[in-house]
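Take a look at the structure below.
The values are calculated or read from the model by the stated rules, or taken from the named source; none is laboratory data. A quick note: this is a predicted structure, and the numbers were derived from the prediction, not measured. Cβ atoms come from the backbone with ideal geometry, glycine included; neighbour counts cover every protein chain shown. With ligands, DNA and RNA removed, areas are computed over all heavy atoms of the protein, side chains included. Shrake-Rupley method; radii C 1.70, N 1.55, O 1.52, S 1.80 Å.
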Amino acid sequence: RTEFALKEIMSSGGAEDDIPQAERKTVTDFCYLLDKSKQLFNGLRDLPQYGQKQWQSYFGRTFDVYTKLWKFQQQHRQVLDNRYGLKRWQIGEIASKIGQLYYHYYLRTSETSYLNEAFSFYSAIRQRSYYSQVNKEDRPELVVKKLRYYARFIVVCLLLNKMDVVKDLVKELSDEIEDYTHRFNTEDQVEWNLVLQEVAAFIEADPVMVLNDDNTIVITSNRLSETGAPLLEQGMIVGQLALADALIIGNCNNQVKFSELTIDMFRMLQALEREPMNLASQMNKPGMQESTEKPARRENPHKYLLYKPTFSQLYTFLAASFKELPANSVLLIYLSATGVFPSGRSDSEGPYDFGGVLTNSNRDIINGDAIHKRNQAYKEMHCLHPGDLYPFTRKPLFIIVDSSNSVAYKNFTNLFGQPLVCLLSPTAYPKALQDQSQRGSLFTLFLNNPLMAFLFVSGLSSMRRGLWEKCQDYLRKINRDIAQLLTHSRSIDQSFLQFFGDEFLRLLLTRFIFCSATMRMHKIFRETRNYPESYPQLPRDETVENPHLQKHILELASILDVRNVFLENTLDDY
């Protein structure tokens, strides 16, 4: 292929003999690097998606070749322009592939700094208008490359919370799609319009806007910052376990999604990441920097993002995570999925008798949560039952279930004596809140952005920045107090304390207690199924119904002038 391309190029540039040997070599070397890079890039698809070791050397080689290719085209741009006919969109393609490599490296490592690297390459393409000439060529496949670049750039900007850039990109993409469908009368118009609709819904999923004085929207980040998790104080005796791996699973019908991320998955993955740092140099190969100094802070836990997985996919990834889990580490499983309920009555009450959450199949789903069954006597196959997780409780396991059948996981048994906690969402919300489910679950919102969730249940849809920051400060105080309550409780299950040493899990546990206490005090959350639950159960009087915590929640409501939404004398109501 390269030889043929070379002959074509050389003959179009005049007599072959007229071309200096050095320039001929430049073109040959460029064609070789270009071929090699494409070959390696296409090979990435064949790498196993799970397991953290096999792929690293291959990624390293691919980065090597792209680094050389990028520098080579920069150094020899003039020769390549004259002798090869290098077009700007081809440079854009190389930059786009490097952006994709960094993004996939982020997915593989969960290191948020690589998102910044992907962003810088995608930005360069836009700033330097590498794809601007594509529309002049009569080749629809080139325009599709440009559209795909936009979609990928939008995903990276969403993950970096660069919402202002996202809005600009969506407008540009919309114009590009219109131009593309107008010129090429293609069949994929519906698909591209769906991409636009999905991203528009994704941007508007947050139920509350925080506004500057000039009414521009404040972009709030929900990744772990230095001041995020309540600090451990003297006298708090907690375990030394560290969160090392997480499976984030999204299988809700009709929930807002973009790319292969539902809004719940998007929120949860950010709750398990630190704020990104800029990497020092741009083209460093990931994983190749050798540093004598140890990094000041711990890495993010590794994550697998599984959108609508089948049972076998879910189990394969789960087994891979379990196998590679280091000593003294925790595996987190987050399930945001449609509930699967047992049909018929069962005489026994085992780990397969309460249903669970949906795994993907080709079967039609009838009436949202109700799953059609062939035979009442059999258990649902396309379902993750609590019993399916039993083998993995041989190691410390932290489970979060956000589902209309989350309570199925309340019937867990700790067989192996390892730390085990399940945080379970309400199975139903008061009617007034139900129509919000498409924009993500309220329970997950509490775990990701508790103040926004609190404002939402209080009936507020926008807020000034100054008041938002005042409330965030107060919420940090509440979190510190919850940490005190939990660690000083005399009757709490030890599993909670063993997980409490990890920053991410500590924040999730304090937010869970804040969520539960808020819902129990709220006037419209009056049924038991409106409240979160946990396995093992928390001592209510020392945590979710503690008078000291209830006083704090009323105080927060007073700051927001929404005290009338909450019950004043909750203790008397039980």
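Data for the structure
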item: Equivalent ellipsoid dimensions for the stretch 432-516 as semi-axes, Å, which come from the Cα gyration tensor, largest first; result: 26, 16, 10
item: Mean projected area in nm² (Cα convex hull; one quarter of hull surface) for the stretch 17-208; result: 13.3
item: Most to least accessible of I91, I219 (protein chains only, probe 1.4 Å); result: I219, I91
item: Most to least packed among 231-242, 552-563 [average Cβ atoms within 10 Å]; result: 552-563, 231-242
item: Listed peptides 320-326, 133-139 by packing density, highest first (mean Cβ within 10 Å); result: 320-326, 133-139
item: Computed accessible area, S404, all protein chains, 1.4 angstrom probe, square angstrom; result: 30
item: Charged-residue dipole, Cβ positions (Lys, Arg, Asp, Glu), the chain about Cα centre, Debye nearest 20; result: 760
item: Of all accessible heavy-atom area on the stretch 17-208, the percent that carbon and sulfur account for (1.4 Å); result: 46
item: Which of K68, K477 is most accessible, then next, and so on - probe 1.4 Å; result: K68, K477
item: Rounded to 10°, Cα long-axis angle of helix 113-127 versus longest principal axis of the chain; result: 50
item: Alpha-carbon centroids, the stretch 237-251 and the stretch 434-475: separation in whole Å; result: 24
item: Total charge dipole magnitude, the stretch 429-574, about the Cα centre, Cβ charges on Lys, Arg, Asp, Glu only, Debye to nearest 20; result: 400
item: Rounded to the nearest 10 Å², the accessible area of T216 at probe 1.4 Å; result: 70
item: Alpha-carbon centroids, the stretch 108-130 and the stretch 381-424: separation in whole Å; result: 38
item: For H76, solvent-accessible area (1.4 Å; no DNA, RNA or ligand), Å²; result: 60
item: Length-normalised contact order of the chain in % [C-alpha pairs under 8 Å, at least 6 apart]; result: 14
item: Size of the chain as Cα extents on the principal axes (Å, biggest first); result: 96, 57, 56
item: Over the chain: helical MRE at 222 nm, DSSP H runs n ≥ 4 each giving -39500 (n - 2.57), nearest 500; result: -14500 deg cm²/dmol
item: Nearest-ten-degree value, helix 547-559 long axis tilted from longest Cα axis of the chain; result: 60
item: Those lysines that a straight Cα-Cα span of less than 17 Å connects to K323, excepting residues fewer than 8 apart in one chain; result: K53, K303, K395
item: Relative contact order of the stretch 17-208, pairs being alpha-carbon contacts under 8 Å that are 6 or more residues apart, as %; result: 14
item: Candidate residues D168, D214: accessible-area rank, largest first, probe 1.4 Å; result: D214, D168
item: For the stretch 17-208, accessible area per residue (1.4 Å probe, heavy atoms of protein chains only), Å²; result: 48
item: In degrees, nearest ten, helix 88-109 long axis to first principal axis of the chain (Cα); result: 30
item: Centre separation in Å (Cα based) which lies between the stretch 511-532 and the stretch 157-179; result: 37
item: Antiparallel bridge percentage (DSSP; both residues within the chain; nearest 5); result: 25
item: Cα centre as origin, Lys/Arg/Asp/Glu Cβ charges: the stretch 17-208 dipole, Debye; result: 820
item: Packing-based ranking, highest mean first, of 304-313, 520-529 given that Cβ atoms within 10 Å are counted; result: 304-313, 520-529
